[in-house]
Amino acid sequence: MPDKQNKGNRNLLSWLTSMRFAIYLLILVGAVSALGTIIPQGQSPAFYLYTYGNGTGAVINLLSLGNLYQAWWFSLLMLILGLTILICSFQRLRHARSLATVGSLVFHLSIVVILSGAAWSLGYARSAMVEVAEQQTVALADYGFGSGQLTLHSFVIDYYPDLQPRQYISDISLTGYEQGDHHLKINVNNPLRAGNLKIYQSNWGWMLKIKLTTNGCSTQVVDVKDYDVFPLGSGEDNAIRVVFLPDYAEDQHGAFSRTSQPNAPCLGLSLLQSGRAVDMALMAPGEEAQMGQYSFTFEDFSYYSGLQLKYDPGVTLVFAGFILLLLGLLGRYWRLLFSREGD
Amino acid sequence: MAEKLFMVTFVMLVLAVLINLARLWLPVSWLDKAAPLPMYLTAACLLVILAWRTADLGRLPLANMYEFSVFMVFVILLGYFFIRRSLTAVEFDLAVSLLLTLLFAMLASLPSDLRPLMPALQSRWLTAHVATAIMAYSAFAIAFCLGIIYLSRTNQEDPSLKVIDRQVYRLVVWGFVLLTLAIITGAVWAEEVWGNWWSWDPKETWSLVTWVVYAAYLHARRTKEWRGRRSAWLVVIGFLVVLFTLYGVSILLPGLHSYA
Ligand code: HEM
């Protein structure tokens, strides 16, 4: 009996490490990945029931096909891929003599390296969006990134002559972080790097400074982001919503902004009661508007920059895997690629 | 002027198809000699079109679907001239000219206006990423044409099968290495611009599917039961996946790559 079992194991192992299995596994990985682009990802379970009907929708929800790449069984599939490659490579180790066979081995193992890096990121990567106004400093600890201070000195939008944005540039400094201090102008495609922490230029908007006086006595100055709702804090569920029109203009449909450049800045301020707009005013900088027991002064406006913080220790391993992948491939196919007679 | 040149190119391609069709029925030597002429003229026209656009833009025209496609038609032509030195067959000329005519006709539906680069595209990785993708897809396109010819020759004793199989293999290896480079440069770029080297965006995912299909081919060629016709099918399917990655995804499954 033990003998038979052994043989069964060996047959299973030799099947798992056969070329045939590799082909089916590859086709399966391709088919499953493709499925995730055909079924919309990240929707609610109700969406799938509604879109695909109760039967198919239930299957989609049961197998997490709506979050396919995050599903446990997808990770399992990747694990199986990695493990079979490892076993295969181990078996072929003895025969690795020529450039081609060593190349093939390096190439296959680099896939395991990349998968490991991805798994590492899955467990340890963290990211957060931070919206910082010009001249403002935020503490990284508030976003779960240990010690350090992030300051936005200035934010600039560079335009093409036809007023399409050419580049978004944030002049930032990072101080007190473990990797030392940094002061850098970052833009799209050019993040700040401090070890495994990177800071990306991600988006931008307007920050509006508003002086708020309640009942003619208590006064405060608040910073509100464009489109945000700011609660006024009194018992009656009052709030304001601000909309900034940097280049104010009017036509028969109402007010709008001609461009995104502050040529004719104007603030639209709505007073909300229980979420419903009850009053509204348009103000140029320095102007004041009276609404109910409140008075508002549009003090100033500036940019805020949306910066994405990302800490990801797995990326280094993944990129090392990329280099190995290329070296392995070149080794495997050197003769075929670069010599006349080929393989 | 550019439009006229475009028309001329298209007429040349159609002419090439017609000549190659005629060669199937009329095996006369002057037709065989004339066959490559319109293809050379097509390449010359495309070179002028691309040079023009490069001068207008002040950079290589590699930033959108239209520029990608014109470039790809040109690179497929170059690859075709290269392969043709060692493999001559009427069906090959016909298949390539037909494919290029279809690709070129499809180009007419793409927006061709000159646009400045949006911030996300201003990267030193753009050229490397797009150029390797174009070369990879061109190699796969030619392999596809040869794969179809392989499958159309049903006599398994035909000695030409071995020659074709060999060329397909070499093309797929070139394509596979270049596609690996394209995916890696894309991933490194994505990490730099979005902070994520892989986000399962549809275009990204389908390029992985393409990669996996050709990896399956490379394995298939080394097993007894997959060698020959079955692996030739993988090469044909592979290019259909390429076409879907290039055009189908942009039309049906927009994602982060939606500007392309
Ligand atoms: C993403 C997964 C994989 C990729 C991209 C890949 C790619 C490749 C490539 C390009 C070759 C060279 C083929 C040739 O031209 O002869 C190869 C060969 C080979 N692969 Fe894979 N492979 C993968 C997974 C696997 C798995 C899972 C196994 C084991 C079950 C495996 C076993 C082999 C073997 C035994 C060879 C032949 C040795 C050689 O040619 O170097 N591969 N693979």
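The values are calculated or read from the model by the stated rules, or taken from the named source; none is laboratory data. Everything quoted here is computed from the prediction, not taken from an experiment. All Cβ positions, even for glycine, are placed from backbone atoms using ideal geometry, and neighbour counts span all protein chains on display. Side chains are part of the model used for accessible areas, which takes the heavy atoms of the whole protein and leaves out ligands, DNA and RNA. Shrake-Rupley method; radii C 1.70, N 1.55, O 1.52, S 1.80 Å.
Structural remarks
- Residue check, residue A:307 at pLDDT 90 or above, over 16 Å from residue A:224 (Cα atoms) and crowded, with 19+ Cβ neighbours inside 10 Å: yes
- So residue A:183, is it modelled with pLDDT of 95 or more and of a type outside the set (A, V, I, L, M, F, W, C): no
- Search result, residues across region A:176-197 that are more than 22 Å from the chain's Cα centre (by Cα) and surrounded by fewer than 15 Cβ atoms within 10 Å (Cβ to Cβ): A:176, A:178, A:179, A:180, A:181, A:183
- Within region A:197-209, residues that are under 11 Å from residue B:194 (Cα atoms) and within 11 Å of chain B (Cβ to nearest Cβ) reach partners that are among the aliphatic types (A, V, I, L, M) and open to solvent by less than 10 Å² (accessible area, probe 1.4 Å) with beta carbons closer than 6 Å, at six or more positions or on different chains, in the pairs A:199/A:192; A:199/A:307; A:199/A:309; A:201/A:186.
- Note on region A:325-343: residues that are more than 12 Å from the ligand (Cβ to nearest atom), modelled with pLDDT of 95 or more and either among the small types (Gly, Ala, Ser) or crowded, with 18+ Cβ neighbours inside 10 Å (or both) amount to 0.
- Residue match in region A:306-314 (condition: touching an Asp or Glu at 6+ places or on another chain (Cβ under 6 Å) and either within 14 Å of another protein chain (Cβ to nearest Cβ) or closer than 30 Å to residue B:198 by Cα (or both)): yes
- Qualifying positions in region B:219-249 - facing another protein chain (nearest Cβ under 10 Å) and outside any helix (DSSP H, G or I): B:221, B:222, B:223, B:224, B:225, B:226
- Residues in region A:305-322 that are of a type in the set (Val, Ile, Thr) and more than 16 Å from the ligand (Cβ to nearest atom): A:315, A:316.
- Out of A:142, A:171, A:162, A:158, sole residue that is modelled with pLDDT of 95 or more, outside the structural domain of residue A:224 (by TED's automatic domain parsing) and not polar (S, T, N, Q): A:171
- Members of region B:175-190 that are away from the ligand (no atom under 12 Å from the Cβ) and either over 16 Å from residue A:189 (Cα atoms) or in contact with a helix residue (DSSP H, G or I) (Cβ under 6 Å, 6 or more places away or on another chain) (or both): B:178, B:181, B:182, B:184, B:185, B:186, B:189
- Only one of the listed residues (B:50, B:41, B:57, B:77) is outside the structural domain of residue B:144 (by TED's automatic domain parsing), in contact (Cβ under 8 Å) with a residue 40 or more places away in the chain and of a type outside the set (Ser, Thr, Tyr). That residue is B:57.
- Residue count for region A:75-90, restricted to those that are open to solvent by less than 50 Å² (accessible area, probe 1.4 Å) and among the hydroxyl-bearing types (Ser, Thr, Tyr): 2
- Test: residue in region B:126-136 that is touching a residue at least 60 places away in the same chain (Cβ under 8 Å), open to solvent by less than 50 Å² (accessible area, probe 1.4 Å) and in contact with an Asp or Glu (Cβ under 9 Å, 6 or more places away or on another chain): yes
- Residue among B:108, B:120 that alone is touching a helix residue (DSSP H, G or I) at 6+ places or on another chain (Cβ under 7 Å) and surrounded by fewer than 20 Cβ atoms within 10 Å (Cβ to Cβ): B:120
- Restricting attention to region B:98-139, the residues that are farther than 27 Å from residue B:180 by Cβ, hydroxyl-bearing (Ser, Thr, Tyr) and part of a helix (DSSP H, G or I) add up to 1.
- Single residue of B:127, B:101 found to be outside the structural domain of residue B:245 (by TED's automatic domain parsing) and polar (S, T, N, Q): B:101
- Filtering region A:192-215 for residues that are at pLDDT below 90, part of a strand (DSSP E or B), more than 30 Å from residue A:311 (Cα to Cα) and assigned by TED's automatic domain parsing to the domain that holds residue A:260 leaves a non-empty set.
- If you go through region A:171-191 and keep only what is within 12 Å of chain B (Cβ to nearest Cβ) and outside any loop (DSSP other than H, G, I, E, B), you end up with A:186, A:187, A:190.
- Among the residues of region A:93-124, the ones that are open to solvent by less than 80 Å² (accessible area, probe 1.4 Å), at pLDDT below 90 and either within 11 Å of chain B (Cβ to nearest Cβ) or within 11 Å of the ligand (Cβ to nearest atom) (or both) come to 1 in all.
Table: residues versus (1) open to solvent by 50 Å² or more (accessible area, probe 1.4 Å); (2) within 14 Å of chain B (Cβ to nearest Cβ); (3) among the polar types (S, T, N, Q).
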residue	(1), (2), (3)
A:26	no, yes, no
A:31	yes, yes, no
A:37	no, yes, yes
A:43	yes, no, yes
A:51	yes, no, yes
A:68	no, yes, no
A:73	yes, no, no
